[in-house]
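Here the structure is laid out as structure tokens; the discussion comes afterwards.
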Amino acid sequence: MTRPPTHEDTTVRTTPPAQTVVDISRLFDNNRIDQNLDLLPFVWILMYFPFGLCLFTVRLFIGLHALLIASVLPKKSSIRCFILRTMCAVLGIVIKEENASIDVKSKTRLIVSNHITKIDHLAVDLVMPCIVPGVWDLPKLLNWGLGFHDFGVKQGRDVLIENVKLHLSSERKDIPLLSYPEGATTNGRVGLLKFSSWLFTLDAKIQPIYISVWRPAPINVSVSVVDSRWWSDLFWFLFVPFSVFTIKYLSVVEKNYGESAEDFAKRVQTLMATEMRVCATSYTNADKVEYMKRLLQTTHPRTVAQNAANNRQSTPRIRAANSPSSPSMATRASAAVETMALRVKEVLPQVPISVIQKDIKVTTNVDETITRLLDGTVKYVEEKPAPPPEAQSSTGAQSSSGASTPNNSYISTESMKPFYCGSKTFGKNASERTKSYKERKEALLQTARHRYLERRGLNAGADK
């Protein structure tokens, strides 16, 4: 929930905002309605609830038609923009622009924005059709209608950057890319999270914009809270009378000669913070996750302790670590990490489980962790895994007969040869490069598994 922009807000400042240290709790709203206020807002919500529920139901059906239109009509069509903007006004989503010009919109390739709600990109798409890197496995048509595009985010940062560069140089480069370098939502009133630097490595012009959202009193409900999910934000957008998005375009920024990506990201963050009259903080999206954990432990200490105890006593199950909005968030995240770590351990048994768990918390992806361990990105001290029962019985039989054969004798000369899995040619498009990446990764896994079995003598019988 943000206040409407005033004349003071729109005044351009020439000096950066003071780098004051703010408490991270001030960056987020913990409740939809301010608990420090009197009971009047709650009374208004109670009186408005029947009408708001009917409004939500009607708008939900209209929204489905809007999604269908967004999926069918061309992205850059002026008819599509007009129809969707009109339908969204009926849905209670009103868009206002400041400092907008046809020249700015036509030349924009990369858009950087602050992040307030889960539907910010839909508001931007209404006035400037764009796409956002998607992480959900949705049908292609639905992804297109919602403004998402698969740039290979799950395959790692290098693949993401390569695919974005390919998009900017392709015939579809007229559709700009929208990114939220903060990586998480804030209330937009106090400060900006630290910008991720991956987007600023592209050496392209950046179009910064900042978004503010205002809702009328007395139904003044926060547009997003610290642990909200997309469907809860959407419900309140369709429930309240209307919400006004204000999108302000800032000056285009270019990377200076010799400037690092981190410095460029910091400069853009400071510029946007100056225009928004907020602080450019050093907090990251990981700090937000930690704050949510502390908040959960403060509000539900007994529940968290009980869930942690139950998790240690039970067998971990694969559960998706979704947005932490329930008391079982910490348990779900811990179980998911342990389960993924066990899957990596099955492939690479020589890697200590503590190292695997630490990297899983960084990548949150089994394949990426395996790749990082194999290519040496993550260093570790190899541990000796316990031999299987068959190997133990075989070893015992050899010892009793007096024949002792060292494990090194099972290492073939083939496994000592250097292994090269690089692609002979560079793929012409993203799909070919992705396919080549998967084939090389599978070859690395098979080679590592084969060398490990030979080193331990587990497949000696099969080789003879």
Query raised in the report: For ALA286 and ARG455, what does the FRET efficiency come to when R0 = 51 Å and r is the distance between their Cβ atoms, rounded to the nearest 0.05?
Result: 0.85
Report task. Could you check what % of the DSSP bridge pairs in region 24-283 are antiparallel, to the nearest 5? Result -> 30
Query raised in the report: Label-point separation (nm) for VAL381 and LYS105, each offset 7 Å from Cα along Cα-to-Cβ?
Result: 6.2
Query raised in the report: Taking a point 7 angstrom from the Cα of GLU432 along the C-beta vector, which residues in region 140-157 have backbone N less than 20 Å away?
Result: 151-152
Query raised in the report: So if we plug the beta-carbon distance of VAL252 and SER77 into 1/(1 + (r/R0)^6) with R0 = 22 Å, what FRET efficiency do we get, rounded to 0.05?
Result: 0.30
Query raised in the report: Once the piece of chain linking ASP174 and VAL58 is laid out straight, how much longer is it, given 0.36 nm per residue of separation minus the C-alpha distance between them?
Result: 38.3 nm
Query raised in the report: Does region 24-283 classify as rounded, prolate or oblate by the C-alpha gyration tensor (a ≥ b ≥ c root eigenvalues; a/c under 1.5 gives rounded; else a/b over b/c gives prolate, otherwise oblate)?
Result: oblate
Report task. Could you grab the relative contact order for region 24-283? Cα pairs under 8 Å, six or more apart, rounded to a whole percent. Result -> 29
Query raised in the report: Could you give me the ³J(HN,Hα) list for region 106-111, computed from phi with Karplus coefficients 6.51, -1.76, 1.60 and θ = phi - 60°, whole Hz, x at Gly and Pro?
Result: 6, 9, 6, 10, 10, 10
Query - For region 125-198, convex hull volume per residue from C-alpha positions, Å³ - result: 116
Requested in this report: For SER243, list long-range residues whose amide hydrogen, built 1.01 Å from N in the peptide plane, is under 5 Å from its own amide hydrogen.
Outcome: ILE93, VAL94
**Report entry** Computed E for THR86/ARG229 - FRET, C-beta separation, R0 22 angstrom, nearest 0.05
**Finding:** 0.20
Requested in this report: Work out how much length GLU262 to LEU444 would gain on full extension: take 0.36 nm times their residue separation and subtract the Cα-Cα distance, in nm to one decimal.
Outcome: 62.3 nm
Report task. Report the residues of region 221-262 in range of a label on TYR48: point 7 Å along Cα→C-beta, backbone N strictly under 18 Å from it. Result -> 221-225, 232-246
**Report entry** Accessible area in the full protein assembly, largest first, 1.4 Å probe, for TRP136, TRP144
**Finding:** TRP136, TRP144
Report summary line: Filtering GluC sites (Glu not before Pro) in region 142-197 by DSSP loop and by at most 11 other Cβ atoms within 10 Å leaves GLU171
Query raised in the report: Are any of the pairs LYS379/LYS435; LYS293/LYS361; LYS75/LYS438; LYS96/LYS266; LYS105/LYS255; LYS105/LYS165 more than 23 Å apart by Cα-Cα distance, and if so, which?
Result: LYS379/LYS435; LYS75/LYS438; LYS96/LYS266
Report summary line: Of the residues HIS115, LEU84, TYR257, the Cα lying farthest along the dipole of region 24-283 towards its positive end, which is defined by charges on the beta carbon of Lys, Arg, Asp and Glu, belongs to LEU84
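The values are calculated or read from the model by the stated rules, or taken from the named source; none is laboratory data. This is a predicted model, so every value here is computed, not measured. Backbone-built Cβ (ideal geometry, glycine too); neighbour counts: all protein chains shown. SASA here: full protein model, heavy atoms, side chains in, ligands and nucleic acids out. Shrake-Rupley method; radii C 1.70, N 1.55, O 1.52, S 1.80 Å.
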